[in-house]
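Let me begin by presenting the structure, written as structure tokens, before commenting on it.
The values are calculated or read from the model by the stated rules, or taken from the named source; none is laboratory data. These figures come from a predicted structure and were not determined experimentally. Virtual Cβ from ideal backbone geometry, glycine too; neighbours counted across all protein chains shown.
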Amino acid sequence: MKKLFSLLLALALAASVCPLAAAPGLAEGNKVTILAYVCGSDLESEDGEATDDIREMISSGIGKSGALTVLVATGGCSRWQKYGISSRNVQYYRLGSSGPELLKDVGRRNMGEADTLSDFLRYGISAAPAERYVLILWDHGGGPVFGLCNDENYRDDSLSLTELRTGLVNGLKSTKLDIIGFDCCLMNCVDLCADLYGIADYAVLSQEMVSGTGMDYDAWMKPIVNDPGISSEEIAMTMAKTYVAENAGWLRSETATMSVIATERMPAVMDAVNAFSSALSSLIKSNLSGVVRLRTQLTSFGEFMDEDASDLVDVVDMCDAFSALLPEECAGLKQAAQQAVRYNYTTRDIASYAHGLSFFMPYATVRNDKKDILAYYGKQSGSYADLAVSLTNQTAGSGYSMSASSYTPSSFFHYDDYYDDSSCSGSFCDIWDGYYGDYCSFGDALDSCGGNIWAGLNTSTGSVWSGLSSSSGIWNGYSESGSAVASPTPSVGSIWAGLTETAKEPAAEATATPAPAASSLLGNIWAGLLNTESDYYQPGEQNQNVQPGVSDAISAEDVLEKADYYFSSAALKSQMIYSIQLNKADLDHLSVASGVLSKKDGEQVIRLGNLGQTAVDWSTGLVFSMFDGSWPMLEDQMVRAEFLYGDDEGNMRFVIPARINGLKMYLLGNKDADGKTELLGATQGYDENGIAIRGSIPLEAGMTVYPLFTAVSPDGAEQEYQGNAITIPKEGLKLSWSRIPTGSYMYCFGLTDLSGHVQYTDSIDISF
């Protein structure tokens with residue numbers, strides 16, 4: 001809500017605004033005018049990032065060209081670091097080789113108001129008429145819900161998307177922008193890009209957080225200085241490409257993405273968006289659990305931990321995820337989005353899921369941001385807005401009370417240095433040895449081992465498979481003799497899908513769209529997802545749905561291939577698969593499950609996080625999680641690590657909460673398919689208002705890092721727990737992926753219900 005001011009103050013502000021007039025000394029007949037709306041905010045007052053980018057603009061040589069003019073509006077900041085820029089008033093500057101030249105002081109103005117933007121646009125077009133216009137919006141960005149350009153002098157008031165469009169339309173009048181660029185976090189979304197149709201030919205914006213370095217102004221402005229006739233498409237492409245290139249070389253692997261959207265394609269995109277949204281809204285009424293389960297498999301941009309996310313997901317990945325439920329709508333939307341994304345550049349760590357255009361699908365943020373989401377989307381029209389409102393209301397419940405305490409993980413498989421002492425325990429081993437014979441190695445399984453699988457299925461005491469007859473069809477696709485039966489590859493995953501994947505060649509450092517279609521990120525999610533019957537697997541009962549629910553999704557050959565890859569390729573001594581069995585009621589309310597490692601500290605339990613790869617068989621309620629005893633180590637100290645995503649190329653991204661020089665932050669880590677682990681940087685995540693805090697923070701020698709954990713007391717109360725201090729050495733902070741220290745640990749499952757509430761099962765004690 002905008003602030004109220006007295007009539008006297010309003011009159012004073014109005015009086016301070018001078019009539020628009022062409023500024024003296026500006027070149028006539030400019031080919032290109034660049035207008036930069038720089039709302040400094042705390043990015044400038046604390047770190048001087050706005051003046052750094054203004055200096056980059058100047059260093060591009062803009063003063064050498066009579067065919068290029070750059071005008072900058074400054075404000076929104078309590079303290080400007082350089083150039084004598086006012087910290088009180090909004091000012092207009094022309095940039096030249098000698099620095100900023102003040103053209104106009106327009107007095108105290110809120111840069112989070114539409115009129116402040118429109119006044120600057122009218123002034124710039126009048127003062128520096130040109131053949132083409134480029135507008136840059138610079139500051140924080142909070143996506144479609146929170147907008148952009150937070151004015152520090154007006155309680156961080158920001159431009160909503162509605163205000164942004166109003167400011168653009170009123171300021172431009174009949175003038176059309178060639179390019180509008182957003183040097184702000186998380187502003188890539190279908191609704192903003194649709195708003196820009198008819199306003200700008202191209203939009204340049206990021207799906208992810210934008211780094212503190214921002215756009216590389218020197219790199220993309222210099223080509224205009226050298227050739228003012230360069231095409232607008234080439235300028236837009238260079239903006240995106242140079243931003244990612246700079247970040248790819250900064251701190252070795254800074255996560256970055258920037259895309260160029262052809263706004264003329266956006267009406268077709270929004271038609272497809274509304275068709276998809278309408279169909280999905282109808283599906284929510286009959287299959288909310290299926291929709292939420294698919295939603296939780298998608299990576300949200302700007303995601304850190306818990307509710308710290310934007311709830312913006314990639315359109316292509318979303319369409320791949322929902323294609324089994326809405327094949328026609330997903331195909332149409334995916335095609336339209338790919339046609340609208342003219343260029344897309346990413347660093348390699350997010351190339352697998354950042355394809356250039358985002359969609360707002362609320363889930364993780366609704367507990368904190370429900371009011372803000374409904375305040376914005378409740379006033380918008382169309383099926384897309386209706387879907388946002390519906391999902392927000394549906395998933396903002398008080399949560400479901402699961403029978404978590406009745407579930408204790410069991411060791412489904414335990415493998416101790418198999419090739420040395422041949423020890424193997426757990427129900428999976430019972431099945432394996434029943435099929436191949438005792439102590440038959442995985443590597444030789446398909447060649448020379450004998451045995452009878454039915455023996456393992458029918459006689460293994462305590463097995464999760466006990467009670468299934470030999471005619472259940474669970475190994476459908478294999479004959480009793482073990483020879484393969486020719487059959488098509490299953491179209492769905494299995495209880496094993498997603499647990500292990502063969503590593504592929506890493507993607508290039510920067511990739512340009514049209515990007516190849518993303519393979520499914522969902523693994524076994526399809527198994528049982530469309531099952532609307534009431535029959536689920538229940539221990540000790542007749543289970544009529546087990547055969548169609550499991551055998552269609554799995555073959556013995558698939559299990560052998562994945563087990564052989566995972567266990568024979570591992571270098572560590574211990575491999576384990578833990579499992580629990582959910583009852584029907586809990587399974588109906590489950591959205592996602594994760595394996596959680598903890599350690600006792602006196603009476604407290606210290607949660608170390610979730611890095612195990614977990615799968616749910618939605619037909620049977622069987623939940624599996626792999627853990628091999630390896631963990632991220634920061635200077636050889638265990639840290640809390642939370643899994644963010646893994647891709648088909650073998651990359652795993654995770655986040656480590658820490659306090660750095662007294663400031664609570666997140667360290668971002670990545671492990672690739674070859675086991676190489678690297679630290680991508682540090683970020684504060686989001687502020688108390690839910691606004692993304694732009695940029696990663698360089699980790700410098702001498703800084704003090706305290707890893708942060710969650711401590712759980714016997715009564716269930718949670719509090720922050722601080723680990724041992726780490727001083728960053730001269731050679732930099734070392735992040736490794738190695739064996740956890742010898743000792744006793746605890747393992748349980750975190751069960752997340754459809755409202756996003758997490759409950760933890762009883763734990764089992766494990767040791768290494």
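With respect to THR365, is the statement that it is under 14 Å from SER259 (Cβ atoms) and outside the structural domain of VAL190 (by TED's automatic domain parsing) true? The answer is no for THR365.
Filter the stretch 318-350 down to the residues that are in a helix (DSSP H, G or I) and at pLDDT below 95 and list them by number. Passing the criteria: ASP320, ALA321, PHE322, PRO327, ARG348, ASP349, ILE350.
Would you kindly identify the strands (runs of 3 or more DSSP E) lying entirely within the stretch 95-153 that contain at least 1 residues that are out of contact with any Cys (no Cβ under 6 Å at 6 or more places or on another chain) and within 23 Å of ASP178 (Cα to Cα)?
Details: elements: 99-105, 130-138, 148-151.
Hits in the stretch 95-153: 130-138.
Going by the structure shown, is ALA385 closer than 26 Å to SER300 by Cα, surrounded by fewer than 15 Cβ atoms within 10 Å (Cβ to Cβ) and aliphatic (A, V, I, L, M)? No; evaluated as a whole, the condition is false for this residue. Report whether or not GLY356 is assigned to a helix (DSSP H, G or I), farther than 16 Å from PRO144 by Cβ and modelled with pLDDT of 95 or more. It is false that GLY356 is assigned to a helix (DSSP H, G or I), farther than 16 Å from PRO144 by Cβ and modelled with pLDDT of 95 or more. Restricting the first member to the stretch 319-335 and to residues that are basic (Lys, Arg), and the second to residues that are outside any loop (DSSP other than H, G, I, E, B), the beta-carbon pairs closer than 9 Å and six or more apart or on different chains are LYS334/ALA272; LYS334/VAL315; LYS334/VAL316; LYS334/MET318; LYS334/CYS319; LYS334/ASP320. A residue that is part of a helix (DSSP H, G or I), closer than 25 Å to ASP588 by Cβ and among the β-branched types (Val, Ile, Thr) can be found somewhere in the stretch 273-285. Among the numbered conditions (1) outside any strand (DSSP E or B); (2) under 37 Å from the mean Cα position of the chain (by Cα); (3) surrounded by 23 or more Cβ atoms within 10 Å (Cβ to Cβ), the only one that GLU56 does not meet is (3). The set of residues from the stretch 188-225 being acidic (Asp, Glu) and closer than 20 Å to VAL70 by Cβ comprises ASP201, ASP216, ASP218.
Across the stretch 330-341, the number of residues qualifying as surrounded by fewer than 22 Cβ atoms within 10 Å (Cβ to Cβ) and either of a type in the set (Asp, Glu) or touching a strand residue (DSSP E or B) at 6+ places or on another chain (Cβ under 9 Å) (or both) comes to 1. The sole residue among PHE643, PHE624 that is within 30 Å of SER289 (Cα to Cα), out of contact with any His (no Cβ under 6 Å at 6 or more places or on another chain) and modelled with pLDDT under 80 is PHE624.
Residues that are surrounded by 20 or more Cβ atoms within 10 Å (Cβ to Cβ) and among the small types (Gly, Ala, Ser) were ranked within the stretch 647-670; the one that is modelled with the lowest pLDDT is GLY669.
Here is a list: LEU102, LEU137. Which entry is at pLDDT 95 or above, within 16 Å of TYR37 (Cα to Cα) and within 32 Å of the chain's Cα centre (by Cα)?
Every option except LEU137 fails the conditions.
Residue check: is LEU312 closer than 19 Å to ASP753 by Cβ and within 13 Å of the chain's Cα centre (by Cα)? Here the answer is no, as LEU312 does not meet what is asked.
For the stretch 235-260, residues that are over 17 Å from GLY356 (Cα atoms) and at pLDDT 95 or above total 1.
Yes or no: ASN170 closer than 17 Å to GLN91 by Cα, in the same structural domain as LEU192 (by TED's automatic domain parsing), at pLDDT 95 or above and not acidic (Asp, Glu)? When the stated conditions are applied, ASN170 does not pass them.
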